[in-house]
Amino acid sequence: GGGSYPLYPVVLPPGWFDLGGSFVDQYPENGAPRPVLGLSVWNVGQVVRDPCHWQGQGFDPGPSVQDLVSALVAQKTRNATTPTDVTLAGYAGKYLEWSVPADMQSSKWTDFDACDLSSDGVDRDFVSWFAQGDSQNDRYEQVPGQFDQLWVLDVNGQRFVVDAPYSPDPSQSQRTTLEQVVDTLGFEAG
């Protein structure tokens with residue numbers, strides 16, 4: 001969306017990649033299955049009530065950290081943890097985790113068989129939210145059983161979500177690496 005946003009540098013370990021300057025992850029090589037591990041930062045504009053049947057139901061949750069957290073916790077089919085106070089990269093906010101139901105049918109990577117068809121007319125997406133000012137830029141989930149660690153932060157008066165997803169199958173070492181990537185996150189004037 002429009003506006004001035006901070007940069008968010010992170011330190012990436014070997015095997016991690018920068019995807020377009022807005023998402024970093026340990027991406028499957030040559031389409032080979034491997035655990036989902038990533039990090040992205042979002043200026044959320046709209047949240048959907050039902051992530052599987054999301055077409056036409058995006059809504060503005062309100063401007064505050066608490067407004068967004070309340071909307072995320074209320075999202076259907078998510079098993080959100082109770083939000084807690086947190087500080088990340090020197091900024092205060094709320095932390096919660098949620099998941100994609102493990103019993104969702106998925107016949108291919110990032111495709112959920114019973115969910116709404118995306119704007120590309122090809123994929124069936126499980127959508128969490130849309131970016132501020134860009135209804136085509138959505139946060140969709142990758143696999144059934146996926147977990148997302150969410151930090152909803154007030155960064156100098158702007159609300160941002162730091163999303164660190166992981167699939168149900170990473171090793172403890174891989175989870176530790178994801179935590180280390182999150183711990184390197186900073187915010188700098190853009």
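The values are calculated or read from the model by the stated rules, or taken from the named source; none is laboratory data. Owing to the predicted nature of the structure, the values given are computational and were not obtained by experimental measurement. Here the Cβ positions follow ideal geometry from the backbone for every residue, glycine too, while neighbour counts run over all protein chains shown. Keep in mind that these areas ignore ligands, DNA and RNA; they rest on the heavy atoms of the full protein, side chains included. Shrake-Rupley method; radii C 1.70, N 1.55, O 1.52, S 1.80 Å.
Summary of computed values
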read-out	value
Estimated dipole of region 103-180 in Debye, rounded to 20 [Cβ of Lys and Arg +1, of Asp and Glu -1, Cα centre]	220
Fraction in percent of alpha-carbon pairs per bin - 10 Å, region 122-164	23, 49, 24, 4
Prolate/oblate/rounded label for region 36-90 (Cα gyration tensor, a/c 1.5)	prolate
Mean ellipticity per residue at 222 nm, deg cm²/dmol - from DSSP H runs of n ≥ 4 across the chain, formula -39500 (n - 2.57)	-3500 deg cm²/dmol
Full-extension gain in nm, THR81 to SER64, via 0.36 nm per residue minus C-alpha separation	4.2 nm
Positive dipole terminus of the chain, leading residue within GLN132, SER106, SER118 (C-beta point charges)	GLN132
Shape of region 32-190, Cα gyration tensor, a/c cut at 1.5	oblate
Protein accessible area in the chain, 1.4 Å probe - carbon and sulfur %	50
Selection of chymotrypsin sites (Phe, Trp or Tyr not before Pro), region 109-151, meeting DSSP coil and at most 12 other Cβ within 10 Å	TRP109
Cα gyration tensor category, rounded, prolate or oblate, for region 115-190 with a/c compared to 1.5	oblate
Net charge, ASP50 excluded, C-beta distance under 15 Å - Lys, Arg +1, Asp, Glu -1	+1
Dipole magnitude of the chain about its Cα centre (Cβ charges: Lys, Arg +1; Asp, Glu -1), debye to nearest 20	240
